[in-house]
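Heads up, the thing below is written out as structure tokens.
The values are calculated or read from the model by the stated rules, or taken from the named source; none is laboratory data. In this text, all values refer to a predicted model and were calculated from it rather than measured experimentally. Neighbour counts run over all protein chains shown; Cβ positions are idealised from the backbone, glycine included. SASA here: full protein model, heavy atoms, side chains in, ligands and nucleic acids out. Shrake-Rupley method; radii C 1.70, N 1.55, O 1.52, S 1.80 Å.
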Amino acid sequence: MFSKTKRAAILVAASALLATSLGENIVYADTTSSDVSTTASATGTSNTNVATATNDNSDSSNQVVSANSASTTTKSNDSSTSNTATTQSSFSSIDVAAVKAAMLSELNRLRSQNGLSALTSVNTLNAYAQTRTDSFINTGVDNHVGWNSANMYPYNLDAEENIAQMPYSMLGTTDPTTIAQKITHEFYSEMYDPEPNYGHRKNMLNPYINYVGIGVSVSSTGMVYFSQEMGNDQASHSRYDASDIYAYYLTNENDYANVSKYDIADADKTGADYQERDNYKTADVRGGVTTKNKVTSVYDRYGNKRTDYELSPNSSWVSDVIAIIDGNFYYHVSTDGFVAADDALPWATFLAGSTVKATANAAVYDDSGTFTGQTVPSGSQWIVDRRAVNPQTNLKMYRIGTNAWIQQNQLTQK
């Protein structure tokens, strides 16, 4: 699987701790690929509007999940009967065929902005994509449980899927172009996806696929379901070197986007920190860094060390982009302020309610990746807010509390 525009970090006093506040969490987007085993998990599959409690990502300790600690609540609808009738009339007038055509156009407009060739729509993939979204009317998006790339034959080589659901109340329009832009923006930015891996974007901008099918279905409650089914037939697959295809798939292991652009998502990125130039490019990230046990240098956008301030030891800083300056990676922490990736622990953030379950008496590691001597019991469940790569073992690890992480090889994601 493959594929958020976030506000820049603001320097506040000695450190800025990440706090997420997202009103209604009402979009469920998911992505998968036949070539990579990991998949992004959806926040839910019920065909309702769901509001998820805000996740406090400050350094206060997380708690073991209790029966009530990871609950979701359904927002009540207080609209009048006449308003409800009007809304139903509106979403029932969505022209599904026009929306699918607009989604194809917007997908290829995105690819064009990134120097990629347009994908060709084919009946086989369109039919399968429509079958997928029709099934979601009864189940909600299914976290790819029902996905079978064999049904995409002969375009099932290098196969990928992006799926999502979005209520009409969020779309707010029946205009096909606007709907296509909103869902493409969500696939690109993953503002409501709980797992920060940009898998949808990487799918849409995969340079090694040629064909696509699109499905759109509208339920009687006004939930709109979307699917993008992408892949190659044997002839198109044979055009590419297998090692290049595999190398691109491996970028999904990165919890940051590949370097890319999308005018709708980038509209608010007007400062010099976001402007591409020679030897300077940026890639989106939803996360930040925690400095090591020492005062940490800050660099400007040209890679020069700043002399007016430094970051305090063991402090956490939100970041919205990674800057690649002269081939070196830096995390953006303030206006014209960047921290070298090697000088801190980079991490990505989950949205509210993400949990993991220990599959063994799992070792607990600190921010530096050192085993603390403590363990958590097998079967225990933990709310997690961050994911990083252990700098000592090179394994992904999930934060369960302040300066406390467990590794991916001793847990399962819920």
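Scanning the range 101-110 turns up one or more residues that are polar (S, T, N, Q) and at pLDDT 95 or above. Residues considered: MET191, MET166, MET103. Of these, the only one that is in a loop (DSSP other than H, G, I, E, B) and within 24 Å of the chain's Cα centre (by Cα) is MET191. Evaluate the following for SER121: is it closer than 8 Å to GLY213 by Cβ, buried (at least 16 other Cβ atoms within 10 Å of the Cβ), assigned by the TED database to the domain that holds TYR211 and among the hydroxyl-bearing types (Ser, Thr, Tyr)? Judged against the criteria, SER121 is a match. Of the strands (runs of 3 or more DSSP E) lying entirely inside the range 312-378, those carrying at least 1 residues that are surrounded by fewer than 20 Cβ atoms within 10 Å (Cβ to Cβ) and at pLDDT 95 or above are 316-325, 328-334, 337-340, 355-358, 362-365, 371-376. Here ALA265 meets each of (1) in a strand (DSSP E or B); (2) touching a Phe, Trp or Tyr at 6+ places or on another chain (Cβ under 6 Å); (3) not hydroxyl-bearing (Ser, Thr, Tyr) with one exception, condition (1). Select from the range 234-247 the residues that are of a type outside the set (A, V, I, L, M) and open to solvent by less than 30 Å² (accessible area, probe 1.4 Å) and list them in ascending order. The answer is SER236, and nothing else. Quick check, is GLU253 of a type outside the set (A, V, I, L, M, F, W, C) and open to solvent by 50 Å² or more (accessible area, probe 1.4 Å)? In short, yes. Looking at ALA164, ALA127, just one residue is open to solvent by 10 Å² or more (accessible area, probe 1.4 Å) and small (Gly, Ala, Ser), and that residue is ALA127. Being more than 30 Å from THR355 (Cα to Cα), of a type in the set (A, V, I, L, M), open to solvent by less than 40 Å² (accessible area, probe 1.4 Å) and at pLDDT 95 or above, is that true of even one residue in the range 173-186? Yes: one or more hits.
If only residues of the range 202-218 that are among the aliphatic types (A, V, I, L, M) and in a strand (DSSP E or B) are counted, the one that is most open to solvent (accessible area, probe 1.4 Å) is VAL218.
Annotation note: of ASN197, ASN143, ASN206, the sole residue that is modelled with pLDDT of 95 or more and of a type outside the set (A, V, I, L, M) is ASN206. Of the residues THR307, THR296, the single one that is touching a strand residue (DSSP E or B) at 6+ places or on another chain (Cβ under 7 Å) and not assigned by the TED database to the domain that holds HIS185 is THR296. Only a single item in (1) aliphatic (A, V, I, L, M); (2) over 16 Å from the mean Cα position of the chain (by Cα); (3) closer than 25 Å to ASP320 by Cα is not met by LEU205, and it is number (2).
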